[in-house]
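The values are calculated or read from the model by the stated rules, or taken from the named source; none is laboratory data. Fair warning: this is a prediction, and the values are worked out from it, not measured in the lab. We place every Cβ from the backbone using ideal geometry, glycine too, and count neighbours over all the protein chains shown.
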Amino acid sequence: MILVVVLAAGCGARQEPASVPSSVPQTQEPSVRGTGLIVSTVDGKADEVATAVTALGGRVVASDASVGYLRVSVPSDVVSKVKALPGVTAVQVEGLVDRGGPPS
């Protein structure tokens, strides 16, 4: 139920993204299109899931560990791997996102 409230709160005006946990390494984005995901995690596992998403080549756009919420951008070919990560309870696809590459 908490996740529904968080998702509904993000449907209005543009909000500043939550800070990315310091334990999550920052990586250079590959120059490809990817998929935006909203990820729900088990309580206390958001930082671990964020680290795993980064290891898969993704980028954490926003997070709120207090409610187990992550918004991420990942290469399209790893979406199923994100869904299978330990600690992930649900994944909602937001759509294709530009991950910093040149216009095609």
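Summary table below
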quantity	calculated
Residue match in the range 13-29 (condition: surrounded by 15 or more Cβ atoms within 10 Å (Cβ to Cβ) and modelled with pLDDT of 60 or more)	no
Filter result (in contact (Cβ under 8 Å) with a residue 24 or more places away in the chain and either small (Gly, Ala, Ser) or on the phi > 0 side of the Ramachandran plot (or both)) within the range 52-66	Ala52, Gly57, Gly58, Ala62, Ser63, Ala65
Close pairs from the range 73-84: first more than 12 Å from Ala52 (Cβ to Cβ) and β-branched (Val, Ile, Thr), partner surrounded by 17 or more Cβ atoms within 10 Å (Cβ to Cβ) and at pLDDT 95 or above, Cβ under 7 Å, at least 6 apart	Val79/Leu37
Residues satisfying the stated conditions in the range 78-88, i.e. outside any strand (DSSP E or B) and either closer than 10 Å to Thr41 by Cβ or in contact with an Asp or Glu (Cβ under 8 Å, 6 or more places away or on another chain) (or both)	Leu85, Pro86, Gly87
Hits in the range 79-96 (condition: of a type in the set (A, V, I, L, M) and within 12 Å of the chain's Cα centre (by Cα))	Val79, Val82, Val88, Ala90, Val91, Val93
Residue count, the range 53-77 (criterion: modelled with pLDDT of 95 or more, surrounded by fewer than 22 Cβ atoms within 10 Å (Cβ to Cβ), assigned to a helix (DSSP H, G or I) and in contact with a strand residue (DSSP E or B) (Cβ under 9 Å, 6 or more places away or on another chain))	1
